[in-house]
Amino acid sequence: MNYASSGTITAPPRSLFGVMLTGPQATAGVRYLVALSMVVVFALVAKNLVRGRVGRSWMAIRDRDIAAEIIGVRPMRTKLLAFGISSFYCGIAGAEFVFLYLGSAETLAFDIGLSFLVLFMVIIGGLGSVLGSFLGAAFIVLVPIFLTNAPHTLGFNLPVALQKQIELMVFGGLIIFFLIVEPRGLARLWQITKEKLRLWPFPH
């Protein structure tokens, strides 16, 4: 099954406590719950890493590596640790993408376009923020759906090709707009909004 000459990867059937998790017999609801459970677990682990000593070392290296080395942070060890942990997370995400979402995949499923989408998620959501990763992913996934359905909602009957081009233009413009307005991403905008709501209606 997984020894095809084309290099196609097929999700084998796997079960846990009698419930089929992967494979053709696994239902969409079960696969969704498995993916959601893994996201919650790994998000909590990442949140604790950022708050702890390891996360502070990463932030020190990111902001000013020379100053971080002076105060005792080892740059090589810290960068290798960040690379290793991020690679582990990317591997888990790729495995979930194939075995829980696609069911089967070829090498073309992981093309440069997918890499750009992940990069946009991180940049738009906010670098160094766990919440920003979720906000960036929601932006990348939901905005194209909204732009696709907006013309029909407003009563415009546009050709499909023209609609896709307009969607790409608006989507790219929104990305540039958010990067100019707030380079630190949607996580920073959310933080500013919470601070303003906490002080509302008083200006100080």
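The values are calculated or read from the model by the stated rules, or taken from the named source; none is laboratory data. Quick caveat, the model's predicted, so the values are computed rather than measured. Heads up, the Cβs are rebuilt from the backbone with ideal geometry, glycines too, and the neighbour counts pull from every protein chain shown. For the accessible areas, the whole protein counts, side chains as well, though only heavy atoms, and no ligand, DNA or RNA atoms are used. Shrake-Rupley method; radii C 1.70, N 1.55, O 1.52, S 1.80 Å.
Considering the range 14-35 alone, what residues qualify as being out of contact with any Pro (no Cβ under 9 Å at 6 or more places or on another chain), surrounded by 15 or more Cβ atoms within 10 Å (Cβ to Cβ) and free of Cβ contacts under 8 Å to residues at least 60 places away in the same chain?
Going residue by residue through the range 14-35, those that are out of contact with any Pro (no Cβ under 9 Å at 6 or more places or on another chain) are 14-19, 27-35.
Applying the additional criterion that residues be surrounded by 15 or more Cβ atoms within 10 Å (Cβ to Cβ) yields 30-31, 34-35.
The one that is out of contact with any Pro (no Cβ under 9 Å at 6 or more places or on another chain), surrounded by 15 or more Cβ atoms within 10 Å (Cβ to Cβ) and free of Cβ contacts under 8 Å to residues at least 60 places away in the same chain: Val30.
Restricting the first residue to the range 36-54 and requiring it to be at negative phi, which pairs with a second residue that is open to solvent by 60 Å² or more (accessible area, probe 1.4 Å) and not acidic (Asp, Glu) meet a Cβ separation below 6 Å and a spacing of at least six or different chains?
Matching pairs, first to second residue: none at all.
Keeping to the range 177-204, report how many residues are open to solvent by less than 100 Å² (accessible area, probe 1.4 Å) and in a helix (DSSP H, G or I). Steps first, answer last, please.
From the range 177-204, those open to solvent by less than 100 Å² (accessible area, probe 1.4 Å) are 178-179, 181-183, 185-189, 191-195, 199, 201; that's our starting set.
Okay, now just the ones that are also in a helix (DSSP H, G or I), so 178-179, 181, 186-189, 191-195, 199.
Residues meeting the conditions: 13.
Among the numbered criteria (1) more than 26 Å from Ala35 (Cα to Cα); (2) open to solvent by less than 100 Å² (accessible area, probe 1.4 Å), which single criterion is violated by Ala105?
With respect to (1) more than 26 Å from Ala35 (Cα to Cα); (2) open to solvent by less than 100 Å² (accessible area, probe 1.4 Å), Ala105 is out only on (1).
So which residues in the range 97-133 are outside any loop (DSSP other than H, G, I, E, B) and farther than 26 Å from Ala11 by Cα, if there are any at all?
Leu119, Phe120, Met121, Val122, Ile123, Ile124, Gly125, Val130, Leu131, Gly132, Ser133
On the basis of being over 11 Å from the mean Cα position of the chain (by Cα), touching a residue at least 24 places away in the same chain (Cβ under 8 Å) and over 28 Å from Val40 (Cβ atoms), does Leu162 make the cut?
On the way: over 11 Å from the mean Cα position of the chain (by Cα): yes; touching a residue at least 24 places away in the same chain (Cβ under 8 Å): no; over 28 Å from Val40 (Cβ atoms): yes.
So Leu162 does not fit the description; no.
For the range 146-160, which residues satisfy the criterion of being of a type in the set (A, V, I, L, M) and open to solvent by 60 Å² or more (accessible area, probe 1.4 Å)? Outline the logic, then answer.
Keep residues of the range 146-160 that are of a type in the set (A, V, I, L, M), which gives 147, 150, 154, 158, 160.
Across the range 146-160, the qualifying residues are Leu154, Leu158, Val160.
I'd like to check something: does the range 170-178 contain any residue that is at pLDDT 75 or above and in contact with a Pro (Cβ under 9 Å, 6 or more places away or on another chain)? I'd like the intermediate steps shown before the answer.
If we filter the range 170-178 for residues that are at pLDDT 75 or above, which is where we start, we get 170-178.
Cutting the leftovers down to in contact with a Pro (Cβ under 9 Å, 6 or more places away or on another chain) gives us 171.
Yes: one or more hits.
Which one of these is surrounded by fewer than 11 Cβ atoms within 10 Å (Cβ to Cβ), at pLDDT 85 or above and polar (S, T, N, Q): Ser87, Ser115, Ser57?
Numbers: Ser115 fails: at pLDDT 85 or above; Ser57 fails: surrounded by fewer than 11 Cβ atoms within 10 Å (Cβ to Cβ).
The unique qualifying residue is Ser87.
(1) of a type in the set (Ser, Thr, Tyr); (2) at pLDDT below 75; (3) open to solvent by less than 80 Å² (accessible area, probe 1.4 Å): which one isn't true of Tyr3, the others all being true?
Of everything listed in (1) of a type in the set (Ser, Thr, Tyr); (2) at pLDDT below 75; (3) open to solvent by less than 80 Å² (accessible area, probe 1.4 Å), Tyr3 misses just condition (3).
Scan the range 138-148 and tell me whether some residue there is assigned to a helix (DSSP H, G or I) and among the aromatic types (Phe, Trp, Tyr).
Kept after step one, since they are assigned to a helix (DSSP H, G or I), are these residues of the range 138-148: 138-148.
Narrowing further to those that are among the aromatic types (Phe, Trp, Tyr): 139, 146.
Within the range 138-148 (the criterion being assigned to a helix (DSSP H, G or I) and among the aromatic types (Phe, Trp, Tyr)), the answer is yes, since at least one residue qualifies.
Of these, Val130, Val143, Val41, Val98, which one is open to solvent by 70 Å² or more (accessible area, probe 1.4 Å), under 30 Å from Thr27 (Cβ atoms) and either at pLDDT below 80 or not acidic (Asp, Glu) (or both)? Give the steps one after another, and end with the answer.
Working: Val130 fails: open to solvent by 70 Å² or more (accessible area, probe 1.4 Å); Val143 fails: open to solvent by 70 Å² or more (accessible area, probe 1.4 Å); Val98 fails: open to solvent by 70 Å² or more (accessible area, probe 1.4 Å).
Just one listed residue meets the conditions, Val41.
Quickly run through the range 60-73 and pick out the residues that are in contact (Cβ under 8 Å) with a residue 12 or more places away in the chain and open to solvent by 70 Å² or more (accessible area, probe 1.4 Å).
Quick first cut of the range 60-73, residues in contact (Cβ under 8 Å) with a residue 12 or more places away in the chain only: 60-62, 73.
Selection gives Arg62 alone.
Only one of Arg62, Arg14, Arg31 is within 19 Å of Ala105 (Cα to Cα), within 22 Å of the chain's Cα centre (by Cα) and modelled with pLDDT under 85. Can you tell me which?
Working: Arg62 fails: within 19 Å of Ala105 (Cα to Cα); Arg14 fails: within 22 Å of the chain's Cα centre (by Cα).
The conditions single out Arg31.
Which number in (1) in contact with a Phe, Trp or Tyr (Cβ under 8 Å, 6 or more places away or on another chain); (2) more than 22 Å from Arg62 (Cα to Cα); (3) modelled with pLDDT of 80 or more marks the one condition that Ile124 misses?
(2)
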